[in-house]
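Undergrad: Below: one structure in structure tokens.
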Amino acid sequence: MIPLSHILIVSSALFFLGVYGFFARRNLITILMSVELILNSANINFIAFNKYLYPDKLDGVFFTLFIITIAAAEVSLALAIIINLYRRYNTIDIEDTKEMKF
Amino acid sequence: MNGTLILFYFLSAIVLVFAAVSMFTRKIFRAAICLLASLVGIAGIYLLWDMDFIAALQIIIYVGGIVVLIIFSIFLTHRASEKLARQSLIRRVRAMIIAIAGFVFTAWVLLSTQFPEASPASSNQLSVEQIGIQMMSYDKFGYLLPFEVISFLLLGALVGSITIAIKHKKI
């Protein structure tokens, strides 16, 4: 049996890799990829807790299903916004599109 | 050291290494491919825990849908062999400090927490039939209402993304 704390260490390492990408990148598509990594680390946590602490219940599985669905919705919407942005400004760098900055 | 443990460390090494390459590389297409490999590794970890349904869903939706969509939009917005601009040092250092501080804090909390003893491995296999029955039931512990809400959210997101990405004709 894999110790639970090792799983949680792996998933938090994945989470903070995503956080690094989220803060260090300036390209919108790579920021979207880091958000995917963050959501996946949350999924691993839900499945691990469901498997280890409450193995006779299914709630972690349902939360994972809903997170995957929300990720799909988020990616489709974000890519539509990115393509629209590229069409208008010819760039998807977050520092170059400053029309809505205060 | 039994086989499951070795397999778990191997899979998590794959996941973390590919995720790190995907976050640190400057070629955006390589970042997408490494993200794909990392997601496949996560599906392997789910298979290790007998979560067949979630692993299949991970492969179908993430690898077959989301990463392909990301690759399409990379081809729509970049030239294929173009490198991303190098980020300023202060930006990278700041992000690295945030990430490392957060990871150290989280690891410290995790290692000092005493989790309740892992219950003995249940023999009842997680069946898709069980998931379907609980998802569609509306009595206690049923998930019918969140299911409906999430389906409306997905519908709204798809209609909204079509509306945003549609090309308006110049009049």
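Undergrad: Just wondering, is there one or more residues in segment A:18-37 that are closer than 24 Å to B:L48 by Cβ, part of a helix (DSSP H, G or I) and out of contact with any Leu (no Cβ under 7 Å at 6 or more places or on another chain)?
TA: no
Undergrad: Scan segment B:86-106 residue by residue and report those that are in a loop (DSSP other than H, G, I, E, B) and either surrounded by fewer than 11 Cβ atoms within 10 Å (Cβ to Cβ) or at pLDDT 85 or above (or both).
TA: If the condition is that a residue be in a loop (DSSP other than H, G, I, E, B) and either surrounded by fewer than 11 Cβ atoms within 10 Å (Cβ to Cβ) or at pLDDT 85 or above (or both), then B:R86 is the only one that fits.
Undergrad: Can you tell me how many residues within segment B:72-83 are aliphatic (A, V, I, L, M) and surrounded by fewer than 17 Cβ atoms within 10 Å (Cβ to Cβ)?
TA: Qualifying residue count for the region: 2.
Undergrad: Out of all the residues in segment B:24-65, which are over 22 Å from B:E82 (Cα atoms), of a type in the set (V, I, T) and either out of contact with any helix residue (DSSP H, G or I) (no Cβ under 7 Å at 6 or more places or on another chain) or buried (at least 22 other Cβ atoms within 10 Å of the Cβ) (or both)?
TA: Across segment B:24-65, the qualifying residues are B:I42, B:I45, B:I54, B:I60.
Undergrad: Residue by residue through segment A:58-69, note down the ones that are more than 8 Å from chain B (Cβ to nearest Cβ) and either crowded, with 19+ Cβ neighbours inside 10 Å or not in a helix (DSSP H, G or I) (or both).
TA: Those that are more than 8 Å from chain B (Cβ to nearest Cβ) and either crowded, with 19+ Cβ neighbours inside 10 Å or not in a helix (DSSP H, G or I) (or both): A:G60, A:F63.
Undergrad: Exactly one of these conditions fails for B:V21: (1) under 28 Å from A:L58 (Cβ atoms); (2) in a helix (DSSP H, G or I). Give me its number.
TA: For B:V21, the failing item is (1).
Undergrad: Could you say which residue among A:I7, A:I38 is more than 7 Å from chain B (Cβ to nearest Cβ), out of contact with any Asp or Glu (no Cβ under 7 Å at 6 or more places or on another chain), surrounded by 21 or more Cβ atoms within 10 Å (Cβ to Cβ) and among the aliphatic types (A, V, I, L, M)?
TA: A:I7
Undergrad: Kindly indicate the residue of segment A:75-95 that is out of contact with any helix residue (DSSP H, G or I) (no Cβ under 7 Å at 6 or more places or on another chain) and assigned to a loop (DSSP other than H, G, I, E, B) and also surrounded by the most Cβ atoms within 10 Å (Cβ to Cβ) among those meeting that condition.
TA: Filtering first and then ranking leaves A:T91.
Undergrad: Something else about it: Mind listing whichever residues of segment A:18-48 are within 10 Å of the chain's Cα centre (by Cα) and of a type in the set (D, E, K, R)?
TA: A:E36
Undergrad: Considering segment B:66-85 alone, what residues qualify as being within 7 Å of another protein chain (Cβ to nearest Cβ), touching a residue at least 40 places away in the same chain (Cβ under 8 Å) and either over 25 Å from the mean Cα position of the chain (by Cα) or not in a loop (DSSP other than H, G, I, E, B) (or both)?
TA: Hit for segment B:66-85 is B:I74, nothing else.
The values are calculated or read from the model by the stated rules, or taken from the named source; none is laboratory data. Note that the coordinates shown come from a computational prediction; the quantities given were computed from them, not determined experimentally. Note that we place each Cβ from the backbone using ideal geometry, even for glycine, and neighbour counts take in every protein chain shown.
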